[in-house]
Amino acid sequence: MIIPKEPKLTNEQYEEIVSIVEEYGCRIQPIEGHHRTIYAVLGEERETIMVNRILGLDYVDRFDAVDSPFKLMDAKSELAHHKIKIGNHVVGESPFIIAGHCTIDPKNPNLFLESAHAVKEAGAKAIRGGVWKPRTMPYSFQGDDSSIKILMEAKAQTGLPVDTEVMDEHQLMIAVEAGVDVLQIGARNALNYSLLKQVGQATADKQIAVLLKRSMGMGPINEFIAAGEYIAAGGNPDIMFCPRGTSPTMDGYRNYPDECITPLLKEKTWAPVIVDPSHSVGRAKYVPSAAMAAMAYGADGVIVETHCDPKKGIGDDPKQSITPDVLKKLIDDINQIWEIRKHYRKEMVVTA
Ligand code: PEP
Ligand code: MN
């Protein structure tokens with residue numbers, strides 16, 4: 001929809017616009033109002049070069065797209081009823097809880113395996129464990145290829161699906177080859193379009209889901225969904241969106257908690273929302289409240305850093321991992337919130 005600066009285009013301006021849109025197989029339909037005329041673009045109005053050429057005309061005020069820019073991730077796309085199955089769990093049917101270490105310590109595999117059994121016991125549906133870590137400083141522990149074996153051992157012992165973050169093609173290939181069930185794309189890579197494309201292609205038709213974190217900068221929600229669209233366009237629609245707090249931070253928390261975007265995401269996309277309260281608030285003592293808030297906002301689940309002995313952990317674990325005992329109580333509370341929310345969930349499905 002083209003809105004001109006003046007109440008109506010001159011004949012010359014109209015002809016110029018018609019000739020541009022015709023190059024892209026579109027037509028113009030003027031809509032005459034009492035005071036102003038606006039111009040609908042009929043056809044594929046999402047053609048970026050066409051839109052930019054029109055926006056470059058100094059007599060055009062705005063171009064408002066009527067079609068969603070998301071061909072696959074839009075709530076009304078052909079994937080609207082797509083369900084993601086991870087292990088035995090269909091995401092959206094009951095709370096999907098991913099729990100486990102921030103970071104696997106390759107020198108202490110038993111600690112991770114102990115936590116894996118404990119989170120299963122507490123009711124988690126999948127196990128997280130960072131094999132490779134994005135660290136602010138290059139001198140900090142960066143993870144280790146060898147930890148993939150420990151992660152897969154946890155899967156073998158517990159029978160639960162496993163989640164780990166990948167940051168480049170080398171890690172992606174190792175994780176896919178090993179049989180990781182959920183690939184995490186972290187906040188730092190959430191806008192790395194080359195990686196997103198590669199992830200979509202490498203996981204297509206492989207029953208591997210992607211947990212896409214929100215980028216750290218407080219980017220628009222459409223930018224977040226567009227990142228998911230890259231993975232879907234690459235070939236894998238099994239995408240879950242993961243708000244994890246943004247920056248600038250809220251004083252006292254690690255990031256600015258953003259679980260409140262859950263209903264907005266759900267209005268725009270059919271994809272499940274799994275909130276990460278651990279990186280959002282950044283301290284174990286605040287995590288349960290943030291996780292419950294996320295569920296109250298309508299999240300399909302949470303990913304919670306959990307460690308059987310946080311002080312022995314590395315990475316984020318000592319400061320923000322909860323213990324399996326706390327996780328168990330939290331999961332009980334989450335199940336209650338899920339029941340309370342059933343009425344609203346139904347409403348959301350109807351309006352989505
Ligand atoms: C993590 O999950 O441990 C992590 C590094 O997350 P994020 O990308 O959200 O910072
Ligand atoms: Mn972490």
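The values are calculated or read from the model by the stated rules, or taken from the named source; none is laboratory data. Keep in mind that this is a model prediction, so the values were computed, not measured. Here the Cβ positions follow ideal geometry from the backbone for every residue, glycine too, while neighbour counts run over all protein chains shown. The area values use the complete protein model at the heavy-atom level, side chains included, leaving out ligands, DNA and RNA. Shrake-Rupley method; radii C 1.70, N 1.55, O 1.52, S 1.80 Å.
Tabulated results
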{"quantity": "Portion, in percent, of the accessible area of the chain that falls on carbon or sulfur, probe 1.4 Å", "calculated": "51 percent"}
{"quantity": "Rg/Rh for the chain, where both radii come from Cα atoms and Rh is the Kirkwood radius", "calculated": "1.06"}
{"quantity": "Relative contact order %, the stretch 93-175, counting alpha carbon pairs below 8 Å whose residues are six or more apart", "calculated": "32 percent"}
{"quantity": "Translational diffusion of the stretch 204-246, µm² s⁻¹ [Kirkwood Rh, Cα pairs; Stokes-Einstein; 20 °C; 1.002 mPa s]", "calculated": "199 µm²/s"}
{"quantity": "For PHE241, net neighbour charge (Lys/Arg +1, Asp/Glu -1) across residues whose Cβ lies under 14 Å away", "calculated": "-4"}
{"quantity": "Within-14-Å neighbourhood charge of LEU42 [Cβ basis; K, R +1; D, E -1]", "calculated": "-3"}
{"quantity": "Binned Cα-Cα distance frequencies in the stretch 264-337 - 5 Å width, integer %", "calculated": "3, 18, 26, 23, 15, 9, 5, 1, 0"}
{"quantity": "Mean separation of Cα contacts under 8 Å, 6 or more apart, over the residue count of the stretch 39-165: relative contact order %", "calculated": "19 percent"}
{"quantity": "Cross-link table LYS85/LYS155; LYS120/LYS311; LYS71/LYS213; LYS71/LYS149, entries beyond 26 Å C-alpha to C-alpha", "calculated": "LYS71/LYS149"}
{"quantity": "Accessible surface of ASP309 - all protein chains present, 1.4 Å probe, nearest 10 Å²", "calculated": "30 Å²"}
{"quantity": "Net charge over other residues, Cβ less than 12 angstrom from the Cβ of VAL176 (K, R count +1; D, E count -1)", "calculated": "-3"}
{"quantity": "Highest to lowest packing among 93-104, 229-240, 167-178, scored as the average C-beta count within 10 Å", "calculated": "93-104, 229-240, 167-178"}
{"quantity": "Highest to lowest packing among 42-54, 116-128, 257-269, scored as the average C-beta count within 10 Å", "calculated": "116-128, 257-269, 42-54"}
{"quantity": "Highest average packing first - 327-335, 279-287, Cβ atoms within 10 Å", "calculated": "279-287, 327-335"}
{"quantity": "Those aspartates and glutamates that a straight Cα-Cα span of less than 16 Å connects to LYS107, excepting residues fewer than 8 apart in one chain", "calculated": "ASP144, ASP145, GLU153, ASP309, ASP317"}
{"quantity": "Average Cα contact separation per residue, the chain, under 8 Å, 6 or more apart, as relative contact order %", "calculated": "16 percent"}
{"quantity": "Descending principal axes extents, the stretch 126-274, alpha-carbon based, whole Å", "calculated": "37, 36, 30"}
{"quantity": "Value at 222 nm in deg cm²/dmol, rounded to 500, when DSSP H runs of n ≥ 4 in the chain each add -39,500 (n - 2.57)", "calculated": "-12000 deg cm²/dmol"}
{"quantity": "Charge dipole (debye, nearest 20) of the chain; +1 at Cβ of Lys and Arg, -1 at Cβ of Asp and Glu", "calculated": "1160 debye"}
{"quantity": "Percent breakdown of C-alpha pair distances by 5 Å bin, ordered from the shortest bin, for the stretch 108-182", "calculated": "3, 16, 28, 23, 17, 9, 3, 0"}
{"quantity": "Gyration tensor (Cα) of the stretch 176-226, equivalent ellipsoid semi-axes in angstrom", "calculated": "22, 10, 9"}
{"quantity": "Dipole moment magnitude, nearest 20 debye, the stretch 30-168 about Cα centre, only Lys, Arg, Asp, Glu C-beta charged", "calculated": "460 debye"}
{"quantity": "Å² of accessible area per residue within the chain, as computed with a 1.4 Å probe and no ligands counted", "calculated": "46 Å²"}
